[in-house]
Amino acid sequence: MAFGDKLTHRFHKSSDASTGAASVEEYSTSIHEKSDKSAIGKFLDKIAVQEEKGLSVSQTFLFNFDLRPVESARRVWSWFNYVFFWIADSFNINTWQIAATGVQAGMSWWTCWLSVWVGYFLCGIFVTISARVGIYYHVSFPVSCRSSFGVFGSIWPVFNRVVMSCVWYGVQGYIGGTTMALMLRSIFGNDLNTRIPDGISSPNVTTFEFLSFFLFWLFSLPFIWLEPHKVRHLFTVKSYVVPVAGIAFLVWTIKKANGIGPIVKQPSTIHGSEFAWEFIRMVMNSLANFATLITNAPDFSRFSKTKKSAKWAQLFSIPLCFSITSLIGILVSSASTVIYGETYWSPIDVLGRFLDNYNSGNRAGVFFISLAFALAQLGTNISANSLSAGTDATALFPKYITIRRGGYICAAVGLAICPWELLSSSNKFTTYLSAYSVFLSAIFGVIFADYYIVKRGWLILTDLYNAEKTSAYTYWHGINYRAFVAYICGILPNIVGFVGATGAGSVPQGAMYVYDFNFFTGFASSIVVYVLLCYIHPIPGLPTDIKKDLFKKGWYEIYAEVEEFDVSGGVINGEGQEPEEEAIDYYSEEKKV
């Protein structure tokens, strides 16, 4: 029996089980008849996006077009598209700000840059690891994490990721608003921010700043409409334009500082253990900046054209691109100390000071560099936030949410969260980075342990869309308790340190040292607990060899060449790599049909 036939066979069984004696068509008809009885039902049918007919109620919560495995026609991202993607994502103001906080804390430029290299090299490794399931099974993060958390338990990590995307969309949008403010000041006068009356009582934002943020937010909306496999062209354009502007900005700043000499000669003002812990925090800040992208890497890797397209390109381009961008932020921040006698942790603040001399050359230079930086923020917000939120939100309400709708919901929430409160100081900004890293690292630890250690790359593709008792990923009512216990255990070691970092209370210094390693602490703790629980209480859906011995060597991953995927009728066309027969165990002994 071919691999595709086996998957087809399983879906026919699950369809029969979901409808009982009635046929799929009769069951679907009865559902629609009930919905037609009320105005609310008619409205819900009107806004429904589910194209597949004959789905059971549970399947409508697990499947739509955006959640299905990506067929070869849409797998068009080559290796250079991933390189352009990370070039585009790295050149953004947020990356500069994170790197420059090390300079502000007292590190020299080269030690700060070294910490960035270490941090983003680790990011490249983790992204490559996380992306693998998308490369081989062509599924997104919301679908792949059903294997570890359960078909319904996966809602929690997906919700977590969606919330973070929405928050970060607002944060990145507000930073993009600062570029809009510079463009407006370059055109209408350097004192425009004071000429517009301030009617907002918040100490962290003025009416002019909010106006700039809103304009950036408004101009971003059309780009959310782009489909995931087509949005790569935006990243290509950005990767050509923004690096040129960033380098030009660096050269301009160095010229104002009268050469590079005074910049690189600034020594560290912190030493010994204080320096060592600041170095570690900078590495962790780089990881925290990437925690969301590490978690949902399959959302992009599922479009990989070949097995290798998304591997080496990401592993090497991430540390290279982000380190170069960070170097610009570090040198600009260092130069600001020489030029103005004050260290600016945001390059936008430095660029704004160039308008102090309000001549035509400075105005033109600031405008065009700000325009390029606005494009940088736009590309980052689309790739890392709205597109990620839209992709993951489809798993929350598949019948009503598409990637586009999810992206616009993300934009609406990002506008409503008052992101300027999160950016009021560099300390609050980096504290927030570490905070959400605590939660996402624990989620990633569970997913890593499930795929790489417990299941060794073996997924039953159809069961990821099946909530019936026959599914290997139903566990207990669709929830894998092992994953949630491991997730909580991954968070707990960092909780005390988190309280101290946020200033909510006084905590022992030892807890703060543990918290400084927050990503690795959460990641490692959740792995150990999850593997231990799976050993004590084995999970269903494992290859036969592993089921007999969880620690037996073996790798059971396949490359699924899925061309058609009809969850209601069980149609899956395309040739898949045939796994070893003895490795196949579609059902646990308790669920075998």
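Observations, loosely collected:
- Test set (1) open to solvent by less than 20 Å² (accessible area, probe 1.4 Å); (2) in a helix (DSSP H, G or I) - LEU114 fails condition number: (1)
- Within segment 279-324, the set of residues being of a type in the set (Lys, Arg) and part of a helix (DSSP H, G or I) comprises just one member, ARG281.
- Scan of segment 208-260 for residues that are open to solvent by 50 Å² or more (accessible area, probe 1.4 Å) and within 20 Å of the chain's Cα centre (by Cα), ordered by number: PHE223, TRP225, LEU226, GLU227, LYS230, HIS233
- THR343 falls short on exactly one of the conditions (1) under 24 Å from LEU184 (Cβ atoms); (2) at pLDDT below 85; (3) not in a helix (DSSP H, G or I), and that condition is (1).
- Segment 384-406: number of residues that are assigned to a helix (DSSP H, G or I), under 16 Å from LEU221 (Cβ atoms) and either at pLDDT below 85 or among the acidic types (Asp, Glu) (or both): 5
- Some residue of segment 469-487 being in a loop (DSSP other than H, G, I, E, B), of a type in the set (D, E, K, R) and in contact with a helix residue (DSSP H, G or I) (Cβ under 9 Å, 6 or more places away or on another chain): yes
- The single condition among (1) in a helix (DSSP H, G or I); (2) in contact with a helix residue (DSSP H, G or I) (Cβ under 9 Å, 6 or more places away or on another chain); (3) open to solvent by 10 Å² or more (accessible area, probe 1.4 Å) that PHE152 does not satisfy is (1).
- Condition met for VAL529 (in a helix (DSSP H, G or I), within 26 Å of LEU464 (Cα to Cα), among the β-branched types (Val, Ile, Thr) and under 28 Å from the mean Cα position of the chain (by Cα)): yes
- Test: residue in segment 149-159 that is β-branched (Val, Ile, Thr) and more than 16 Å from the chain's Cα centre (by Cα): yes
- Residues of segment 312-343 that are open to solvent by 40 Å² or more (accessible area, probe 1.4 Å) and within 16 Å of VAL127 (Cβ to Cβ): TRP312, PHE316, LEU320.
- Among the residues of segment 534-561, the ones that are buried (at least 19 other Cβ atoms within 10 Å of the Cβ) and either part of a helix (DSSP H, G or I) or more than 31 Å from the chain's Cα centre (by Cα) (or both) come to 2 in all.
- Whichever residue in segment 263-287 is free of Cβ contacts under 8 Å to residues at least 24 places away in the same chain and open to solvent by less than 60 Å² (accessible area, probe 1.4 Å) and, among such residues, is nearest to VAL103 (Cα to Cα): ALA276
The values are calculated or read from the model by the stated rules, or taken from the named source; none is laboratory data. These numbers come from a predicted model, not from an experiment. A quick note on method: Cβ atoms are made from the backbone with ideal geometry, for glycine too, and the neighbour counts reach across all protein chains shown. Remember, those area values only see protein heavy atoms, side chains included, never the ligands or the DNA or RNA. Shrake-Rupley method; radii C 1.70, N 1.55, O 1.52, S 1.80 Å.
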